[in-house]
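Taking it in order: structure first as structure tokens, then the write-up.
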Amino acid sequence: MNEQRKIRLATCSLAGCFGCHMSLLDIDEKLFDLLKIIEFDRTPFTDIKHCGPCDIGIVEGGVSNAENVHVLKEFRKNCKVLVAIGACAITGGVPALRNNIDLWDCFQEVYLYEGGLEGNQIPNDPELPLPFDKVYPVYEVVKVDYFLPGCPPSADTIWKFLTDLIEGREPKLDHEMLRYD
Amino acid sequence: MGAPAMSASITIDDKNVPFSDGQTIMDAALAAGVYIPHLCHNPQFEPHGSCKLCVVSVNGRNMTACTMPAAADMVVANNTPELNRDRKALVQMLFVEGNHICPACEASGNCQLQAAAYYLEMQSPHYTHFYQPRAVDASHPDIFLDLNRCILCELCVRASREVDGKNVFGISGRGIGTHLVVNAASGRLGDTNFAATDQAAQVCPTGAILIKRQGYRIPIGQRTFDHHNISEVQMKPLEPEHE
């Protein structure tokens, strides 16, 4: 039997809560099956900091700051197939609830007005990424090949999607698996 | 063939569907158990024809099934890839025009907009989000009005006017500026005689009108459209989804 090249997979979380990553880990013992056919590139699981050439990139979370755009563009450049996973990546999700609140008002509420924060200031270290006025879904910034909705998509949904994709089928979610919440 | 028909009928996707005088294509389809996607239609009220989800091809011409009277021997195409593609695009446009954040919405799982999107296999809203600022009116002691989720179906307008006899809601503005208004000098729901028991408080297909203190009484995952396709649910006479 020829040793087949493993499929290289990268994941990241932009303006997300890592819930989709947790749901991926929830495939439990199937992770062993998965790791027989894939290997991880950049992902929070490997702590690799930059994405190299990959077959599949999975992006969780919306785009809320300048660093998110850099990471997303790196993924798009390096991944043959880019997947947006979860409500935030697909619609902006819960972080997008701030989209109709003035950014300055948000900052003041979080860093200045909350009780016990006397003497605090709004962080402005040059290393901090510049926040955007709104949170955007990833497809409004780069081309996305597949969408995997859910908040988060269940482990079974992720498994179905990934096995479809890896085995060369067009990923298809039945009614019970297609969820936006 | 050959025998005279007892009553007139139309054909929807090769299925023979009888109708009686005055019935629309939608009426006949609902009675025969044929699902035509719809959001602004509710058989309890006069048809409105605004959401355009129910557009079908009648003898080759596109028409809204909820307003088009059935006529003998009409040949109607309904569940076709082309029409469903257009319907999906309409639903996607509704999603980007409002602020529909399902994970943060009490109506998730009971929402007909969401369920129609499931039925049409919407994977993403596709278009550029408007993220329009829309108001939330929490002034009423028992009811929230969240315009972020309003799709202008006018069901609450019709229910309040025709059933409740209160005329609490109206539509104002034009084009993209069209919006739901509340019939009070202040424009606030709390300054009307609107009540949680009103029909208008029950008919919202999305989470724009919500009864307070009910929120998550039925957990996410156990709600109507978590397990039922909207095509099954809307075949029965519509019941309030927010119970």
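Quick check, is residue A:112 within 14 Å of chain B (Cβ to nearest Cβ), of a type in the set (A, V, I, L, M) and surrounded by fewer than 18 Cβ atoms within 10 Å (Cβ to Cβ)?
Judged against the criteria, residue A:112 is not a match.
Please count how many residues of region B:95-129 are assigned to a helix (DSSP H, G or I) and closer than 16 Å to residue A:137 by Cβ.
7
Scan the strands (runs of 3 or more DSSP E) fully inside region A:16-71 and keep the ones with 2 or more residues being closer than 24 Å to residue B:124 by Cα and touching a strand residue (DSSP E or B) at 6+ places or on another chain (Cβ under 7 Å).
Where strands (runs of 3 or more DSSP E) fall fully within region A:16-71 and carry at least 2 residues being closer than 24 Å to residue B:124 by Cα and touching a strand residue (DSSP E or B) at 6+ places or on another chain (Cβ under 7 Å), they are A:54-60, A:63-65.
Could you pull out the residue among B:81, B:37 that is modelled with pLDDT of 95 or more, surrounded by 20 or more Cβ atoms within 10 Å (Cβ to Cβ) and away from chain A (no Cβ under 14 Å)?
After applying the criteria, what remains is B:37.
Looking at region A:87-109 only, could you name the residues that are surrounded by fewer than 16 Cβ atoms within 10 Å (Cβ to Cβ) and touching a residue at least 24 places away in the same chain (Cβ under 8 Å)?
Of everything in region A:87-109, just one residue is surrounded by fewer than 16 Cβ atoms within 10 Å (Cβ to Cβ) and touching a residue at least 24 places away in the same chain (Cβ under 8 Å), namely A:103.
Tell me which of these residue A:173 doesn't satisfy, since it passes every other one: (1) modelled with pLDDT under 95; (2) within 11 Å of chain B (Cβ to nearest Cβ); (3) over 19 Å from residue B:103 (Cβ atoms).
For residue A:173, the failing item is (3).
Give the residues of region A:1-15 that are of a type in the set (A, V, I, L, M), under 22 Å from residue A:81 (Cβ atoms) and assigned to a loop (DSSP other than H, G, I, E, B), sorted by residue number.
Scanning region A:1-15 gives a single hit, A:14.
Consider residue A:165 against the criteria (1) crowded, with 16+ Cβ neighbours inside 10 Å; (2) assigned to a loop (DSSP other than H, G, I, E, B); (3) more than 10 Å from chain B (Cβ to nearest Cβ): it satisfies all of them except one. Which criterion is unmet?
Result: residue A:165 fails condition (2) only.
Would you point out which residue out of A:138, A:144, A:71 is more than 21 Å from residue A:22 (Cβ to Cβ), surrounded by 15 or more Cβ atoms within 10 Å (Cβ to Cβ) and of a type in the set (A, V, I, L, M)?
One residue alone meets the criteria, A:144.
One line per residue, one yes/no per condition, for (1) in contact (Cβ under 8 Å) with a residue 12 or more places away in the chain; (2) not acidic (Asp, Glu):
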position	(1), (2)
B:167	yes, yes
B:188	yes, yes
B:195	yes, yes
B:198	yes, no
B:207	yes, yes
B:210	yes, yes
B:219	no, yes
B:223	yes, yes
B:228	no, yes
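Considering every residue within region B:58-72, establish whether at least one is closer than 30 Å to residue B:131 by Cβ and without any contact (Cβ under 8 Å) to a residue 40 or more places away in the chain.
Yes: one or more hits.
With the condition being under 18 Å from residue B:11 (Cα atoms) and of a type in the set (Lys, Arg), I'd like the strands (runs of 3 or more DSSP E) fully within region B:22-91 carrying at least 1 qualifying residues.
B:61-64
What's the number of the only condition in (1) within 29 Å of residue B:206 (Cα to Cα); (2) touching a Pro at 6+ places or on another chain (Cβ under 6 Å); (3) assigned to a loop (DSSP other than H, G, I, E, B) that residue B:7 fails to meet?
So the condition that residue B:7 fails would be (1).
Regarding residue B:140, is this residue more than 10 Å from chain A (Cβ to nearest Cβ), at pLDDT 95 or above and touching a helix residue (DSSP H, G or I) at 6+ places or on another chain (Cβ under 7 Å)?
Yes.
If we keep just the residues of region A:15-42 that are of a type outside the set (A, V, I, L, M, F, W, C) and surrounded by fewer than 19 Cβ atoms within 10 Å (Cβ to Cβ), which is farthest from residue A:160 (Cα to Cα)?
Looking at the filtered set, the residue picked out is A:39.
The values are calculated or read from the model by the stated rules, or taken from the named source; none is laboratory data. Everything numeric here is computed off the predicted structure, so don't read it as measured data. Reconstructed Cβ throughout: ideal geometry from the backbone, glycine too, with neighbour counts over all protein chains shown.
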